[in-house]
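Before any comments, here is the structure.
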Amino acid sequence: MIDFKNVSKLYNGNVKAIDDISMTVEEGEFVILLGPSGCGKTTLLRMVNQLESISDGEISIQGQNVKQMDKIKMRRNTGYVIQSNGLFPNMTIEDNTMIVPDLLGWDRKKKRDRFNYLMDLLGMNPDDYRKRFPHELSGGQQQRIGVARAMASDPPVMLMDEPFGALDPIIREKVQDEFLAIQKEVKKTILFVSHDIDEAVRMGDKIALLRDGSIMQYDRPTDMLIQPKNEFVSDFVGKDRVLRSMSLYTVQNLVDTFGLKNKEETILDTKEISIHTSLRVAISMILNQEADQLVIINDAGEAQGSLTFDLIEKFLHQEVKGA
Ligand SMILES: Nc1ncnc2c1ncn2[C@@H]1O[C@H](COP(=O)(O)OP(=O)(O)O)[C@@H](O)[C@H]1O
Ligand SMILES: [Mg+2]
């Protein structure tokens with residue numbers, strides 16, 4: 001778990017890059033720091049592993065104040081991946097990957113086993129790459145090695161600063177997918193910087209949207225899309241983006257996915273809705289507080305179950321994330 005408590009950052013005593021941020025990243029959660037260039041994403045990330053000092057407030061990793069961690073402990077606890085993968089050009093892939101384990105004094109066998117394991121995880125044959133050098137690999141492969149290196153000592157926390165930003169769009173999506181698949185297995189606590197809303201929605205369990213060093217909204221992607229807290233958020237995620245995508249689905253699609261849900265007798269504020277109505281209209285009715293529960297009516301005019309905000313939200317979450 002990463003905990004930020006009233007964290008601020010002043011550069012040169014006057015540039016306020018981070019302004020009183022408090023947020024919690026839960027164990028095993030994948031959180032995106034999103035926002036336009038210069039909003040403070042990199043600064044916030046680098047304060048976690050103390051590559052930048054904290055001017056005010058406190059950051060802790062699993063209950064431990066990061067200021068009190070020495071360099072070795074920090075390396076053990078956090079893996080760090082950056083866009084220009086930072087591989088050393090005259091070190092082999094295996095040596096590059098095992099820099100932190102080296103620092104931690106692992107023996108040869110333990111390092112080799114770990115290298116083999118990580119390469120398998122990334123879908124790369126360890127023996128094909130062990131003795132090669134970074135320039136012999138494609139950009140996508142180098143970036144995968146960057147990820148492997150950050151995971152080498154199995155740190156609970158991964159800090160990733162636009163790690164796939166330099167890749168072309170097709171390779172990028174592939175590497176994103178691979179990384180998501182790996183995350184499903186390893187369940188790291190991840191802070192991941194991006195300026196790309198599509199990447200954020202695809203990858204994140206939650207998104208923290210920043211502007212001028214402050215958090216505008218910290219939410220699940222679908223909640224941010226459906227209920228942006230202010231003008232800045234809705235502009236950033238793209239106005240009407242969700243509503244537009246919702247007009248692609250009808251109540252029928254949702255029923256096909258989840259089956260019929262019985263009307264909840266405790267929710268009194270209801271309204272009828274045809275099974276052929278688009279979800280865009282359905283959610284507008286709920287958000288405009290026309291009703292808290294929509295009763296689905298079939299072609300014969302019979303009640304067919306009910307629809308609540310939670311259910312629509314669940315459906316969208318699944319659709320948007322393609323899960
Ligand atoms: N080393 C530095 N010295 C002075 N100002 C900096 C430094 N690094 C970043 N800044 C400023 O802090 C703000 C946030 O920068 P940064 O964290 O790099 O944003 P992002 O990663 O979101 O693009 C910007 O105004 C930037 O100019
Ligand atoms: Mg940055």
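The values are calculated or read from the model by the stated rules, or taken from the named source; none is laboratory data. None of the values given here were measured: they were computed from a predicted structure. Here the Cβ positions follow ideal geometry from the backbone for every residue, glycine too, while neighbour counts run over all protein chains shown.
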Checklist entry - Say we look at segment 100-129 and pick out the residues that are touching a residue at least 40 places away in the same chain (Cβ under 8 Å) and within 18 Å of residue 143 (Cβ to Cβ); which of these is surrounded by the fewest Cβ atoms within 10 Å (Cβ to Cβ)? => result 123
Next on the checklist: Could you go through segment 54-75 and let me know if any residue there is at pLDDT 95 or above and within 15 Å of residue 215 (Cβ to Cβ).
Outcome noted: yes
Next on the checklist: Condition check: of a type in the set (D, E, K, R), touching a residue at least 12 places away in the same chain (Cβ under 8 Å) and either assigned by TED's automatic domain parsing to the domain that holds residue 251 or surrounded by 13 or more Cβ atoms within 10 Å (Cβ to Cβ) (or both). Does residue 290 satisfy that?
Outcome noted: yes
Next on the checklist: Could you go through segment 62-80 and let me know if any residue there is of a type outside the set (Asp, Glu), within 16 Å of ligand 1 (Cβ to nearest atom) and touching a residue at least 24 places away in the same chain (Cβ under 8 Å).
Outcome noted: yes
Checklist outcome for this item: In the set 56, 95, 154, the lone residue that is surrounded by fewer than 20 Cβ atoms within 10 Å (Cβ to Cβ) and over 29 Å from residue 34 (Cα atoms) is 95
Item to check | Residues of segment 153-168 classified as within 16 Å of ligand 2 (Cβ to nearest atom) and either outside any strand (DSSP E or B) or not assigned by TED's automatic domain parsing to the domain that holds residue 77 (or both), total | outcome: 5
Item to check | Subset of segment 22-53 (residues that are surrounded by 17 or more Cβ atoms within 10 Å (Cβ to Cβ), within 11 Å of ligand 1 (Cβ to nearest atom) and closer than 22 Å to residue 196 by Cβ) | outcome: 33, 34, 35, 39, 40, 41, 42, 43, 44, 45, 46
Checklist entry - Among the residues of segment 213-239, which ones are outside any helix (DSSP H, G or I) and either surrounded by 20 or more Cβ atoms within 10 Å (Cβ to Cβ) or touching a strand residue (DSSP E or B) at 6+ places or on another chain (Cβ under 7 Å) (or both)? => result 213, 214, 215, 216, 217, 218, 219, 220, 228, 229, 230
Checklist entry - Quick check: is even one residue across segment 77-90 within 16 Å of ligand 2 (Cβ to nearest atom), assigned by TED's automatic domain parsing to the domain that holds residue 176, on the phi > 0 side of the Ramachandran plot and surrounded by fewer than 16 Cβ atoms within 10 Å (Cβ to Cβ)? => result yes
Next on the checklist: So for segment 38-54 (the condition being closer than 30 Å to residue 181 by Cβ, more than 16 Å from ligand 2 (Cβ to nearest atom) and outside any loop (DSSP other than H, G, I, E, B)), does at least one residue qualify?
Outcome noted: no
Item to check | In segment 183-205, the residues that are crowded, with 19+ Cβ neighbours inside 10 Å and assigned to a helix (DSSP H, G or I) | outcome: 197, 199, 200, 201, 203
Checklist entry - When both residues are 6+ apart or on different chains and their Cβ atoms are under 7 Å apart, which pairs have a first residue that lies in segment 25-48 and is within 14 Å of residue 61 (Cβ to Cβ), and a second that is among the acidic types (Asp, Glu) and more than 15 Å from ligand 1 (Cβ to nearest atom)? => result 29/205; 31/205
